[in-house]
Amino acid sequence: EPEVTQTPSHQVTQMGQEVILRCVPISNHLYFYWYRQILGQKVEFLVSFYNNEISEKSEIFDDQFSVERPDGSNFTLKIRSTKLEDSAMYFCASSSDRGPYGYTFGSGTRLTVV
Amino acid sequence: QKEVEQDPGPLSVPEGAIVSLNCTYSNSAFQYFMWYRQYSRKGPELLMYTYSSGNKEDGRFTAQVDKSSKYISLFIRDSQPSDSATYLCAMRNTGNQFYFGTGTSLTVIP
């Protein structure tokens, strides 16, 4: 079964450093998303991406965050200057259309900011 | 008021029990309702989905939506130890983003 692959599975970074989280969505999917889950809290929407541009973003997704699809297979989330409160599990998801049911989530990257 | 409320549990039941998981929501614009299952250190996995009000059954799982009460439920019949996981409700209107509940941790004891 097709999977969304995320790397690394765990990333430790120092406060103030830039970090890039990587995702390989399912190959024929066109819509891409990032969500995060702070330990013990809800899964929260960050951003959706379609046709090489952001289609929707939440209040969490401020100027410190950016997304990119640098080639035909990868989808990245960059955090420019990490803060302690950025520590969370970050999930990438993809879907083949705008329908709400077709999301496939990756296994996540655990980001720890120290 | 939070968009989606879900009792975090934890919920512990004996094998074979019927499990009832619930969420309430405040946004009447939500039209799509989903239940995800999340195992430890894994991403959410879609379990069931419904559109608008009504029931949907898939094997041992039944999802119910009552839009008038802004209440959704997931029932698991004949629960198995392999059902032990965190169950997340999620909702969406016509936009892109899902709104998740906090998740209910379920343990099915053999």
With a 1.4 Å probe and all protein chains left in place, how much accessible area per residue does chain A have, in Å²? 50 Å²
Partner chain Cβ atoms within 10 Å, averaged over the residues of B:84-97 - can you pull that number for me? 3
Please find, in a Gaussian network model of chain B (springs between Cα atoms separated by less than 10 Å), the residue of B:SER28, B:SER40, B:SER12 whose mean-square fluctuation is greatest. B:SER40
May I ask you to work out the translational diffusion coefficient for region A:37-87 at 25 °C, viscosity 0.890 mPa s, via Stokes-Einstein with Rh from the Kirkwood sum over Cα pairs, reported in whole µm²/s? 201 µm²/s
Per the Kirkwood definition applied to all pairs of different Cα atoms, how many angstroms is the hydrodynamic radius of region A:5-82? 13.3 Å
Are there any trypsin sites (Lys or Arg not before Pro) in region B:30-110 that are in a DSSP loop and have at most 14 other Cβ atoms within 10 Å? List them by number. B:ARG41, B:ARG60, B:ARG77
Test assert for region B:13-61: residues whose accessible surface shrinks by at least 50 Å² between chain alone and all chains, 1.4 Å probe, equal B:ARG41, B:PRO44
Under the definition of Cα pairs under 8 Å and six or more residues apart, what whole-number percent is the relative contact order of chain A? 39 percent
Could you give the longest part of chain A that holds none of the trypsin sites (Lys or Arg not before Pro) found in DSSP loops with at most 15 neighbouring Cβ atoms within 10 Å? A:1-79
In whole Å, largest first, the alpha carbons of region B:5-110 cover along the principal axes 41, 28, 21
I'd like the carbon and sulfur percentage of the solvent accessible area for chain B, probe radius 1.4 Å, heavy atoms only, ligands and nucleic acids excluded. 47 percent
Per residue, what accessible area does chain B have, given a 1.4 Å probe and all protein chains present, in Å²? 47 Å²
DSSP-defined beta bridges in chain A - what % are antiparallel, rounded to 5: 90 percent
Using a 10 Å cut-off around each Cβ of peptide B:98-108, what is the average number of partner chain Cβ atoms that fall inside? 3
So which residues of region A:76-110 lose at least 40 Å² of accessible area, probe 1.4 Å, when you go from the chain by itself to every protein chain present? A:ARG98, A:PRO100, A:TYR101, A:TYR103, A:PHE105, A:SER107
Tell me: how much accessible area in total is hidden between B and A, 1.4 Å probe, Å², nearest 100? 2000 Å²
What does the structure give for A:36-45 when I average, per residue, the other chain Cβ atoms found within 10 Å of the residue Cβ? 5
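The values are calculated or read from the model by the stated rules, or taken from the named source; none is laboratory data. Predicted model, so just to flag it, every value in this text is computed and none were measured. All Cβ positions, glycine included, derive from the backbone under ideal geometry; neighbour counts span all protein chains shown. Note: areas computed on protein heavy atoms with side chains; ligands, DNA, RNA excluded. Shrake-Rupley method; radii C 1.70, N 1.55, O 1.52, S 1.80 Å.
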